[in-house]
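Q: Can you read through this structure? Questions will come right after.
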Amino acid sequence: LGFAVVILVAWLISKSIFGAAGVRRVLYRVPLLGRVFKLSALAEFSQLLALLIEARTPLHEALRLVGGAVRDPNLSEGAYRAARHIENGESFASLRGVIYEFPDELLRIPGWGGNDVTLIESLRVSSEVFALQSEISGRGFVGAITPFSVILAGCIITLTVIGLFLPLVQLLGALS
């Protein structure tokens, strides 16, 4: 219970200091679990962007719409910033190192400077790859956490049994 309270307080404080996007960037760095969140957000972002570009939405407008639709505050913030840069005449390929909210996995998708058909197919394939990688990482997380949960349950059961029988042992010692 104390551990859960500490985590909750740390999350609330960090959210008020760094904002939701900053908390998400910190969450990305958590071993095993962070990769699952990051890849699932990238899959959602890529799929939505592919749909909007296929509907002939200009890239800057598509990025704004996707920024408002994705659940990841980090990617949302990055989409809004990227839309402003593209409106100012910069290419998407030049955003590497400028828009730090976009991970390299997203910026390495081929077709950003090319035609829409290439970009749409690249985004769709990347979305599927991100989703599969997220699923595999999630299975790895579950595989890693299972032994720890079994050990924790065993410790709790052992402490409960000791707590129940200790008064009985003390009583038998006092009677003898």
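The values are calculated or read from the model by the stated rules, or taken from the named source; none is laboratory data. It should be emphasised that the depicted structure is a prediction, and the values quoted were computed from it without experimental measurement. Every residue, glycine among them, receives a Cβ derived from its backbone with ideal geometry; neighbour counts consider all protein chains shown. These accessible areas exclude ligands, DNA and RNA; they are computed on the full protein's heavy atoms, side chains included. Shrake-Rupley method; radii C 1.70, N 1.55, O 1.52, S 1.80 Å.
Q: When the stretch 88-125 is examined, which residues are found to be under 18 Å from residue 57 (Cβ atoms), assigned to a helix (DSSP H, G or I) and among the polar types (S, T, N, Q)?
A: 118, 122
Q: Now for a different question. Could you tell me whether the stretch 30-41 includes any residue that is under 15 Å from the mean Cα position of the chain (by Cα), basic (Lys, Arg) and at pLDDT 80 or above?
A: Within the stretch 30-41, one or more residues are under 15 Å from the mean Cα position of the chain (by Cα), basic (Lys, Arg) and at pLDDT 80 or above.
Q: With 43, 62, 83 as the choices, which residue is touching a Lys or Arg at 6+ places or on another chain (Cβ under 6 Å), small (Gly, Ala, Ser) and either open to solvent by 60 Å² or more (accessible area, probe 1.4 Å) or in a helix (DSSP H, G or I) (or both)?
A: 83
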